[in-house]
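This report concerns only the one structure given below.
What follows draws every value from the coordinates through simple rules; no lab data is involved. These numbers come from a predicted model, not from an experiment. We place every Cβ from the backbone using ideal geometry, glycine too, and count neighbours over all the protein chains shown.
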Amino acid sequence: MDWELAITRHRDALLRMLAALLVMAGDGAGVPRHVYEAVLRVLRPAESAFRRLIVIYMQVRGVKARYVPRAASAVPVKVPRGAGAPVPSFALFDPRKRVGFQRLKHPAGIGPRIWEPGMDYPVFETKTVPLPDDPVDAARLYRRLLALQNALGDVPKQARRLARVQAKREAARGESGKYIRAIRPGRPPGHRARWTHPVDDVLRESHALALYLLHPPDT
């Protein structure tokens, strides 16, 4: 198995998809709702696929790190936001699965009944149904796109970042019990059982390769 070729091929595919997403998102201001949702449907599995490419790179190259505690700074660091703010770091870990009961949602169109003294009948407060062309603030989505773009440009750097974070979590695991792996158990975020976009193939293949390296079959 040519692991380097697999990483390069999937990374190049993600870069092509990301270029299209950046064009769709524009500058992130006033994006139509249907465009926002279309970008998010591709971005989520693309992020998951790249996390797995980072894990593959770490395993193939043997990237490791040793955690060295640093002295805490007495001066709090303020992170600027808004225009001119630095691009955020790429999220190296899959979001955890939510466990528990979900809050029930009211059906769209009918809101709570309002009944005050002096009224003969209750008044139903109607809800506004969002339309596909309604403008949506996509600033956070746009910054996620930029974070992925920066990370795709330097896979070795992301592998070193992940190795340091995992070493830190491994050192504190006995106290906090936090997970230390970037890939969560089960299906990856953005997984779809039915193929709808080329990113689905990239995620499926990268996930299978990462699991193969993390849990090689017995021979």
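Quick notes on this structure:
- Pairwise label distance in nanometres, Val68 with Ala38, each label 7 Å out on the Cα-Cβ vector: 5.0 nm
- Taking amide H as placed 1.01 Å from N in the peptide plane, the amide H of Val136 sits under 5 Å from that of Gly30, Val31, Arg33, each at least 5 places away or on another chain.
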